[in-house]
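The structure under discussion appears below in the form of C-alpha cells.
The values are calculated or read from the model by the stated rules, or taken from the named source; none is laboratory data. What you see is a predicted model, and the numbers here were worked out from it, not measured in a lab. Note: ideal-geometry Cβ built from the backbone for every residue, glycine included; neighbour counts use all protein chains shown. The accessibility values were calculated without ligands, DNA or RNA, using every heavy atom of the protein model including side chains. Shrake-Rupley method; radii C 1.70, N 1.55, O 1.52, S 1.80 Å.
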Amino acid sequence: VISSPSLLLSSLYSLPHLYTMSAYKDQDPRLHGIKTKIRVVPNFPKSGIMFQDITTLLLDPKAFKDTIDLFVERYKGKNISVVAGIEARGFIFGPPIALAIGAKFVPLRKPRKLPGKVISQEYILEYGRDCLEMHVGAVEPGERALVVDDLIATGGTLCAAMDLLERVGAEVVECACVIELPELKGRERLNGKPLYVLVEYAEI
Ligand code: HSX
C-alpha cells in the first residue's frame with residue numbers, strides 16, 4: 001500500500017502516526033489485535049512514504065481471522081451476491097469474505113490481466129492515470145455488490161471500482177477496507193457511498 005508521491009502526501013505521511021480505532025466502528029476488542037499487526041514501514045518504496053504493510057497481519061492467524069470475521073459479521077445476511085476485490089490486496093481479503101457470506105468473488109484487475117472481454121474504468125492518480133478492468137458478464141444488473149480493498153487513501157481506486165459495478169447495473173451496497181488514511185479525505189470522494197473501515201491511520 002503506497003501513498004501518492006506528491007510533496008503534500010509525503011509530508012502528511014512522514015508525520016508521526018498511530019493506528020486508532022475507526023470512529024465508525026465500535027470498540028470491539030479484536031480491533032486492537034488487528035491494528036498492532038499492521039506494520040508501518042517508513043520511506044518505502046520511496047522517501048517520505050509510510051507504507052502500510054498488511055503482510056504482517058497475515059502472519060498472525062488470529063488477527064487475520066478476526067479481520068475477516070468482522071467483515072463477515074457485518075455483511076452476512078445482507079443479500080450481497082458479489083464481493084468485488086481490487087488488485088492486489090483486495091484479492092487477499094475479498095475471497096474469504098465472499099465464501100463466508102455465500103457470494104461470488106469478482107476480481108477487479110489492472111489492465112491486460114483478464115483474458116476475457118472486459119469493461120475498463122480509468123482513474124486519476126496524483127501523477128498520471130491508472131485503470132481497473134472487470135470481465136463482462138461477471139456481474140449482472142441488479143446484483144448487490146460489496147467492494148473490498150486493504151486501504152483507502154484518496155479514494156480514487158474505490159471510485160473506479162464502484163463505477164465499473166454501477167456501469168453494469170449492479171448496486172454497490174458498501175465499500176470495505178481494513179485501513180483508512182483520513183487525512184487524505186478519500187471518504188469524501190465516495191459520493192455518499194458508505195465506507196466501513198476497521199482501523200484509521202491517524203496523526204498524533
Ligand atoms: C493502495 O492504493 C491500496 O492497496 C489501494 O488499492 C489504493 C488506495 O489508494 P487511493 O486510490 O485510495 O488513493 O495501493
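Candidates are the residues of region 170-204 that are out of contact with any His (no Cβ under 8 Å at 6 or more places or on another chain) and among the small types (Gly, Ala, Ser); the one that is nearest to Glu140 (Cα to Cα) is Ala170. Within region 157-170, can one find any residue that is modelled with pLDDT of 95 or more and assigned to a strand (DSSP E or B)? Looking through region 157-170, none of the residues is modelled with pLDDT of 95 or more and assigned to a strand (DSSP E or B).
Taken over region 92-129, residues that are charged (D, E, K, R), under 16 Å from the mean Cα position of the chain (by Cα) and assigned to a strand (DSSP E or B) amount to 1. All told, Gly186 falls short of being open to solvent by less than 60 Å² (accessible area, probe 1.4 Å), on the phi > 0 side of the Ramachandran plot and in contact with a Gly (Cβ under 9 Å, 6 or more places away or on another chain). Residues in region 71-82 that are open to solvent by less than 40 Å² (accessible area, probe 1.4 Å) and either within 19 Å of Leu57 (Cβ to Cβ) or at pLDDT below 95 (or both): Phe71, Val72. Residues in region 134-154 that are closer than 20 Å to Ala103 by Cα and surrounded by 13 or more Cβ atoms within 10 Å (Cβ to Cβ): Met134, His135, Ala138, Val139, Glu143, Arg144, Ala145, Leu146, Val147, Val148, Asp149, Asp150.
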